Every structure is written in C-alpha cells, then in structure tokens.
Amino acid sequence: MALKAVHVIDVPSLDHVPENASLALCSSRFPNGVEMDQSGFKMPKFVVIGHRGNGMNVLQSSDRRMRAIKENTIMSFNAASTFPLDFIEFDVQVTRDDCPVIFHDDFIFSEENGAVFGRRITELSLSEFLSYGPQREHGNEGKVLLRKKDGKIMPWDVEQDDSLCTLQEAFVKVEPALGFNIELKFDDHIVYEQDYLVHVLQTILKVVFEYAKDRPIIFSTFQPDAALLIRKLQSNYPVFFLTNGGCEIYEDVRRNSLEEAMKLSVENGLEGIVSEIKGIFRDPATVTKIKESKLCLLSYGKLNNVPEAVYMQHLMGIDGVIVDLVKEITEAVADMIKPKKGGDGEGFTEGSGTVQGNSNPQFSQQELSFLLKLIPQLIQI
C-alpha cells in the first residue's frame, strides 16, 4: 500500500442508513438496552465477551480448552451463545472481491507437495478463502489449513473443526440476541491509503446495515485511522479504539499508551477503549481518567482467564472483559457479581473472587487503594 495521509474530515458519511439500525442497542440479553447518548456510551452491567467466539486457539498449548473448537467459526460462535455472554468478538477482513470474511491472521497457510505457502487474506477471492479447511459440501476436500505463530508453522488441529465463514453468515446463523464486537482487522505493518480504508469499511457497513437488525453491535480496531473513519461513516453503532496500553511500542504514537488512546477517543467522538489488561493494571489510575472522560473501558488478554483478575476489574470500574475461557469466566462472574435481592432489583453486589466461593468480600477505599498500588508490582511488564 502506498503511503498517504488520511484526512477524516474529507470523508463523506454513508448516504443511507436503514431504519432498523438503532442507537439503543437492545436485545433480550440487555433488557434495558445499551445506552448511547450525549452523556457517553454506557453498558447496563459488567459484560463478558467471548474472544473469537468460544475462545481463541492456542495450538501449542497443553490446555485442551484452547484447542477445543476452531476459532472464528459459526460452530464457535454458537457454542459461546449457550453461555450467559453479552457479546462475541471476532475479526473481519475484506477479500479481493469485496466480501467481508471472519479470520484473525493477516496470512493463511497451507501445504502442497511438501511445500508450505501463505497468502494474504485480502488478496484472496471469496471462493479461494473458503477453499481452506473443512468444506460445507459433503465429500469435498479443502486445502490443508496451517497456522504460523512465532515463526513456526503447525497444523491447525482442533477437537471440533468447522469451515471458514463470512460476516453475512454470522448474522444469519448465530443467535440473534447475542451481540457482535466486530474487530476491523488491518495489518500492523501497512500504512493504508484513505480510499482503501473507506472502501473496506463501507463494504463491511453494507453487510452490517442489511443484516444486523436489532443485534447489539460494537466496532473496534487497533488501526487509528480506521477508528476515526468508521465513526465518520456511521453514527449508529459505538466505536472502540483497541490498544496494547503501552505493552508494545509502534511507530504510530497513538497506539502506544492508554493516555494516547484516551486522547484519540475523546477528540474524535469514540465511545470507548479496549486495552490489554496488563496496560491497565500497571497504570490503574488511568481508569479514573478514562471514566471521567465519559468513555467505556473494556479489556482483553490472558489475565482475563483468571477469575480473580476479572473480579478486580469489576471493583476498579472497568465495564467488561474479553475472555477465552467462556464457560469458566461466565460462571465466575455469575458467582462474583450477583443481582441485589429485594427492592427494585437494580444494581449489583459483589460475590466471591473465585469460582467456588460464596463469600462477599467488602473492601474499604483504603484497602482497594492498596490493592491497586500492589498490582503493578505483581505483573511482569
């Protein structure tokens, strides 16, 4: 891609927004709706989001749960929907022939005659993309699907496999009350032309507007210009800026800290931030600044598979977590954060910080302040 600055102010909004695209993102899982108004975007409760559906695949892991179901597939999404999740998160890219597909990695790998080869997702046609892995038509055999991680090529072996899918299929085949956190996926190493970004985002929005109906939708992306553009192109669905929170450093300074993420979000009317939880834990005071800025704050990362770390985030005022161990964390959250008994039933009360416990720990502000100061010392950044 050629280098070219993106001037968001020059980008026109979409001409047509369907009547069924609603600012109040309501579903049966959010009986009171997800509020989006001038006072800021608000989650009605502490939310749990399934990472790439029922959890991402870590093929080299000894934990079978990380290889249970193929990530980013209809099977994984529907498996996740059986638990009390609020959203599933998945990655969307657009093929050469303008079809939004769901796949995380920038490249897809296969093997033929002993030779391994990889192709960029965005350079494939839809039919080429769908030719990898299990095929929908009985009797057809797809290309062997491999994955490259940390320079190593390995078979994409999981216990329950499924075919690759498109964004349209996800809308049609996944439980309609389950919210979609659509990550707009771009290559970290490319500086994109404005026209290309606009075309990709409009292609995705066309599918969203046609098929979303009343499904809650959140857009998120690590690509700062894409975040600004998707906000400019539509105002119906909230936009969150993804950041590593300073855990990794990039040439684009907007990606290098929670402070930069907050600045970008506030100045450009984004609704929230999704941060690697280590970035939040090493600078917990930033949470207060983010909340004072009327921004919603979600987190992702391996620590979100630890119930105690999730409970700590609830105490800190973080609005929700993206997790891989969907069953375990939804059970833990149900145990930790119980609706109040009696009265009008609104609000929540703290339960245990572990899956099994039923105690109700009460932290004073002094004790909570101590914990927040201790956390950065416990994390190796």
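The values are calculated or read from the model by the stated rules, or taken from the named source; none is laboratory data. The shown structure was predicted, so the numbers you read here are calculated from the model rather than taken from an experiment. All Cβ positions, even for glycine, are placed from backbone atoms using ideal geometry, and neighbour counts span all protein chains on display. Only protein heavy atoms, including side chains, enter the accessible area calculation; ligands, DNA and RNA are left aside. Shrake-Rupley method; radii C 1.70, N 1.55, O 1.52, S 1.80 Å.
Values computed for the structure shown
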| read-out | value |
| --- | --- |
| Above-threshold pairs, the threshold being 19 Å between Cα atoms, out of K263/K294; K206/K263; K152/K185; K70/K327 | K206/K263; K152/K185 |
| Residues K206 and R64, FRET efficiency given R0 of 51 Å [Cβ-Cβ distance, rounded to 0.05] | 0.85 |
| Segment 154-235 - Rg and Dmax from Cα coordinates, angstrom | 14.7, 42 |
| Additional length obtainable on full extension of the chain from A115 to Q168, 0.36 nm per residue less Cα span | 15.8 nm |
| Length-normalised contact order of segment 189-255 in % [C-alpha pairs under 8 Å, at least 6 apart] | 29 |
| Contact order relative to length of segment 171-308, as percent, for alpha carbon pairs under 8 angstrom and 6 or more apart | 18 |
| Fully extended contour minus Cα-Cα distance, from D97 to D150, at 0.36 nm per residue | 16.1 nm |
| Three-way shape label, segment 145-296, alpha-carbon gyration tensor, a/c 1.5 | oblate |
| Residues of segment 100-256: accessible area per residue with a 1.4 Å probe, Å² | 44 |
| Förster-model FRET efficiency, 45 Å R0, K302 and S127, C-beta, rounded to 0.05 | 0.80 |
| Spin-label pair A285/K143, simplified geometry with 7 Å Cα→Cβ offset, distance in nm | 5.2 |
| Alpha-carbon centroid distance for the pair segment 277-314 / segment 118-135, whole angstrom | 36 |
| Label zone at H189 (point 7 Å along Cα-to-Cβ), backbone N below 14 Å, segment 135-177 | 148-152 |
| Cα convex hull of segment 181-226, projected area averaged across orientations, nm² | 3.3 |
| Stokes-Einstein D in µm²/s, Kirkwood radius over Cα pairs - segment 250-329 at 4 °C with 1.567 mPa s viscosity | 100 |
| Over segment 71-135, relative contact order from alpha-carbon pairs under 8 Å, at least 6 apart, % | 27 |
| Pair E159, E292: separation of 7 Å Cα→Cβ label points (nm) | 4.8 |
